[in-house]
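Peer 1: Once you've had a glance at the structure underneath, I'll fire off some questions.
The values are calculated or read from the model by the stated rules, or taken from the named source; none is laboratory data. Only a predicted model underlies this, so the values are computations on that prediction, with no experimental measurement involved. Don't worry about glycine lacking a Cβ; one is built from the backbone with ideal geometry, like all the others, and counts go over all protein chains shown.
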Amino acid sequence: MYDWLAARAAEDASSLCLAVGDQKVSFADLDEQVARAAGSLVSAGVKAGSRVAVWGAHDLATVRAMWAVPRTGAVLLPINTRLTEQEATSQVVDAAVSLVLGHGDRPALAVPSLDLDELADGVPYRADPPHADTPHSVVYTSGTGGNPKGVILTWANLEAAAGASAEVLNHGPKDRWLAVLPLYHVGGMSILIRSARQGGVVVLDGFDPHRVATHLRGGRITLVSLVPTMLSRLLDVYPGPYPDLRAVVLGGGPVSESLLARAAAGRVPVLSTYGLTEAASQVATVPLEAALARHKVVRPVPGMELRIVDEAAGEVATGTTGRVQIRGPAISPGYLHDRPRTPGSWFTTGDLGRLDADRNLEIVGRADDTIITGGENVYPVEVEAAIEENPEVVEAAVYGIEDPEWGQIVAAKVVAPGVDDQDLDWFLRSRLAGFKIPTRWTFVASIPRTSLGKIDRSRVKLPE
């Protein structure tokens, strides 16, 4: 195993690696900065195997730190900067972090800390190549399906994920990947690794739909990672086409057919992606040749196996809904504080899905979100998609409410200024079975979402 940045700097020193605003950094320049930052960390007492957290931003100092921590042999823990101080402290304590790196606005998180800018002037530190099975990072899940868990990702996991992604996207040195996803999320962090591995350029910016449209219209951006809400806001600003864009890698939640239709109308190529932190991001992705189609299924990336099982872990028939299981070299060896996963074993996700005859995957929803009403299973994602087909609906979130007669009833919160509940009920009658149609409607100004645009169902269920 090798350090992707160090290897690229040795092969392609002068080529552009990173663009952040007016800052342009070559592979050799970034590698030297990372070596100095690693030296500063070693001088500060960071040792191999220790865990170092980064409370960062979309800037060069954060990128430098995220490369430097693993180079020392320590384990990187990127912190979601949208967490409260109490939530972030809980993760720092749970992971036994020894040091927190951040800017001046970083919160006090119960352990020693250093300013990111203090890492710039260390004595360069060049570590031995990492072992494949050594932990590279611990990334906490979003917690949408329960309490966040610390997912251990090894160098081998990230290498396998990067290789599969490169094959799916035909990713190479001529690509420029616009990175607007948070770097504390595996989808944002992986862009840094994959671009260094392939020799491509990362253009780093925070998400603003007007700036993203400017980047894409200015040309030379070939790849961008977004979540559905980001894509929707981008298309509101400018519907496309964008001159050099080969693919919008779209993850973080279900994608409505109406959004795919809007993108296709503007000749904006979209690759819907199913991924999870435990698999170092991508599990299954639409192939490049289908980027302008209204796709409902995704294809497993190279090296990833999928199957659908029932409650007894028995494989179900093609087309049958069940729990998604995955297997492959990109899958984490386990969570902090849990028993390690047996190598080569199947990992049971929290998602429900079904496979077609070609082994393509359609995600139905989260297992924990399933509503059981009168003995019938209702999947919120399916109902939300049907509701959002109404052109007056901006967004919708469906959930269950306990009921003494039916067990649960189907409820929905919607952003739809131009319609009422009777309009929506009538609209759904030709689209859904009667037991799937919400019987309780709440009209709201917005749907609460996580930092990655996923519906925050724990907050959706709270009374208005």
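Peer 1: Which condition number in (1) surrounded by 15 or more Cβ atoms within 10 Å (Cβ to Cβ); (2) without any contact (Cβ under 8 Å) to a residue 60 or more places away in the chain is the one that Pro404 fails?
Peer 2: Exception for Pro404: condition (1).
Peer 1: State the number of residues belonging to region 87-109 that are in a helix (DSSP H, G or I) and within 23 Å of the chain's Cα centre (by Cα).
Peer 2: First pass over region 87-109, keeping only residues in a helix (DSSP H, G or I): 87-94.
Retained after the next criterion (residues that are within 23 Å of the chain's Cα centre (by Cα)): 87-92, 94.
Number of matching residues: 7.
Peer 1: Taking region 196-207, which residues are in contact with a Lys or Arg (Cβ under 9 Å, 6 or more places away or on another chain) and not basic (Lys, Arg)?
Peer 2: Within region 196-207, the first condition is being in contact with a Lys or Arg (Cβ under 9 Å, 6 or more places away or on another chain), and the residues that meet it are 196-203, 205, 207.
Once the filter is applied, which keeps residues that are in contact with a Lys or Arg (Cβ under 9 Å, 6 or more places away or on another chain) and not basic (Lys, Arg), region 196-207 yields Ala196, Gln198, Gly199, Gly200, Val201, Val202, Val203, Asp205, Phe207.
Peer 1: Take region 304-363 and flag every residue that is among the small types (Gly, Ala, Ser) and either crowded, with 18+ Cβ neighbours inside 10 Å or under 19 Å from the mean Cα position of the chain (by Cα) (or both).
Peer 2: Within region 304-363, Gly322, Gly328, Ala330, Ser332, Gly334, Gly350, Gly353 meet the criteria.
Peer 1: All but one of (1) in contact with a Pro (Cβ under 6 Å, 6 or more places away or on another chain); (2) surrounded by fewer than 16 Cβ atoms within 10 Å (Cβ to Cβ); (3) assigned to a helix (DSSP H, G or I) hold for Thr214, so report the exception by its number.
Peer 2: Result: Thr214 passes all but (1).
For (1) out of contact with any His (no Cβ under 9 Å at 6 or more places or on another chain); (2) among the aliphatic types (A, V, I, L, M); (3) over 28 Å from Thr229 (Cβ atoms), each residue gets a yes or a no:
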| position | (1), (2), (3) |
| --- | --- |
| Gly266 | yes, no, no |
| Ser272 | no, no, no |
| Leu292 | yes, yes, no |
| Arg307 | yes, no, yes |
| Ile326 | yes, yes, no |
| Ile331 | yes, yes, no |
| Asp356 | yes, no, no |
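Peer 1: Being at negative phi and without any contact (Cβ under 8 Å) to a residue 60 or more places away in the chain is the filter here, so list the residues in region 30-56 that pass it. Steps first, answer last, please.
Peer 2: Initial filter on region 30-56 (at negative phi): 30-44, 46-48, 50-56.
Hits for region 30-56 are Leu30, Asp31, Val34, Val46, Lys47, Ala48, Ser50, Val52, Ala53, Trp55.
Peer 1: Exactly one condition in (1) more than 30 Å from Pro173 (Cα to Cα); (2) touching a residue at least 60 places away in the same chain (Cβ under 8 Å) is not met by Asp12; state its number.
Peer 2: (1)
Peer 1: Kindly establish whether Ile437 is aliphatic (A, V, I, L, M), touching a Ser or Thr at 6+ places or on another chain (Cβ under 7 Å) and farther than 30 Å from Asn80 by Cα. I'd like the intermediate steps shown before the answer.
Peer 2: Working: aliphatic (A, V, I, L, M): yes; touching a Ser or Thr at 6+ places or on another chain (Cβ under 7 Å): no; farther than 30 Å from Asn80 by Cα: yes.
No: the conditions fail for Ile437.
Peer 1: For region 225-232, check the following and say yes or no: at least one residue is within 18 Å of the chain's Cα centre (by Cα), assigned by TED's automatic domain parsing to the domain that holds Gly353, more than 26 Å from Glu167 (Cα to Cα) and of a type in the set (Gly, Ala, Ser). It would help to see each step written out before you state the result.
Peer 2: Residues of region 225-232 that are within 18 Å of the chain's Cα centre (by Cα), as a first pass: 225-232.
Applying the additional criterion that residues be assigned by TED's automatic domain parsing to the domain that holds Gly353 yields 225-232.
Filter once more, so that each one left must be more than 26 Å from Glu167 (Cα to Cα): 229, 232.
Those left that are additionally of a type in the set (Gly, Ala, Ser): 232.
There is at least one residue in region 225-232 that is within 18 Å of the chain's Cα centre (by Cα), assigned by TED's automatic domain parsing to the domain that holds Gly353, more than 26 Å from Glu167 (Cα to Cα) and of a type in the set (Gly, Ala, Ser).
Peer 1: A further question follows. Can you tell me which residues in region 405-464 are closer than 26 Å to Leu250 by Cα, outside any loop (DSSP other than H, G, I, E, B) and touching a strand residue (DSSP E or B) at 6+ places or on another chain (Cβ under 8 Å)?
Peer 2: Hits for region 405-464 are Ala412, Lys413, Val414, Val415, Arg449, Ile455, Arg457, Val460.
Peer 1: Also, I was wondering about something else. Within region 375-393, is there a residue that is over 30 Å from Ala412 (Cα atoms), touching a strand residue (DSSP E or B) at 6+ places or on another chain (Cβ under 8 Å) and part of a loop (DSSP other than H, G, I, E, B)? Don't jump to the end; show me each part of the working.
Peer 2: Going through region 375-393, the residues over 30 Å from Ala412 (Cα atoms) turn out to be none.
No, that holds for no residue.
Every residue, every condition in (1) under 26 Å from the mean Cα position of the chain (by Cα); (2) among the charged types (D, E, K, R); (3) within 14 Å of Glu388 (Cβ to Cβ), yes or no:
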position: Val414; (1), (2), (3): yes, no, yes
position: Pro417; (1), (2), (3): no, no, no
position: Leu432; (1), (2), (3): no, no, yes
position: Thr439; (1), (2), (3): no, no, no
position: Thr442; (1), (2), (3): no, no, no
position: Ser451; (1), (2), (3): yes, no, no
position: Arg459; (1), (2), (3): yes, yes, no
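Peer 1: Looking only at region 14-41, filter to residues that are β-branched (Val, Ile, Thr) and touching a strand residue (DSSP E or B) at 6+ places or on another chain (Cβ under 9 Å); which one of those is surrounded by the fewest Cβ atoms within 10 Å (Cβ to Cβ)? First the steps, then the outcome.
Peer 2: Narrowing region 14-41 to residues β-branched (Val, Ile, Thr): 20, 25, 34.
Now narrow it down to the ones that are touching a strand residue (DSSP E or B) at 6+ places or on another chain (Cβ under 9 Å): 20, 25.
Values: Val20: 18, Val25: 20.
Per the stated criteria, the residue is Val20.
Peer 1: Follow-up. Looking at (1) modelled with pLDDT of 95 or more; (2) of a type outside the set (Ser, Thr, Tyr); (3) touching a Leu at 6+ places or on another chain (Cβ under 7 Å), find the lone condition where Leu76 falls short.
Peer 2: (3)
Peer 1: Considering each residue of region 279-334, count those that are under 22 Å from Leu250 (Cα atoms), at pLDDT below 95 and hydroxyl-bearing (Ser, Thr, Tyr), and give that number.
Peer 2: Residues meeting the conditions: 1.
Peer 1: Let me ask another. Can you name the residue in region 42-82 that is among the basic types (Lys, Arg) and crowded, with 22+ Cβ neighbours inside 10 Å and, of all such residues, is nearest to Asp105 (Cα to Cα)?
Peer 2: Restricting attention to region 42-82, the residues satisfying the condition of being among the basic types (Lys, Arg) are 47, 51, 64, 71, 82.
Okay, now just the ones that are also crowded, with 22+ Cβ neighbours inside 10 Å, so 51, 64, 71.
On the way: Arg51: 21, Arg64: 18, Arg71: 25 Å.
Per the criteria, the residue is Arg64.
Peer 1: Further question on the same structure: Please find, within region 359-374, the residue that is modelled with the lowest pLDDT out of those that are more than 20 Å from Gly275 (Cβ to Cβ) and not in a strand (DSSP E or B).
Peer 2: Of the residues in region 359-374, the ones more than 20 Å from Gly275 (Cβ to Cβ) are 370-374.
The next check asks that each one be not in a strand (DSSP E or B); those that pass are 370, 374.
Details: Thr370: 86, Gly374: 80.
So, considering only residues that are more than 20 Å from Gly275 (Cβ to Cβ) and not in a strand (DSSP E or B), the one modelled with the lowest pLDDT is Gly374.
Peer 1: Something else about it: Which one is surrounded by the most Cβ atoms within 10 Å (Cβ to Cβ) among residues in region 177-211 that are among the basic types (Lys, Arg) and under 19 Å from Ser14 (Cα atoms)? Talk me through it step by step, then tell me what you get.
Peer 2: Within region 177-211, the subset among the basic types (Lys, Arg) is 194, 197, 211.
Adding the requirement that they be under 19 Å from Ser14 (Cα atoms) leaves 194, 197.
Details: Arg194: 26, Arg197: 20.
Looking at residues that are among the basic types (Lys, Arg) and under 19 Å from Ser14 (Cα atoms), I get Arg194.
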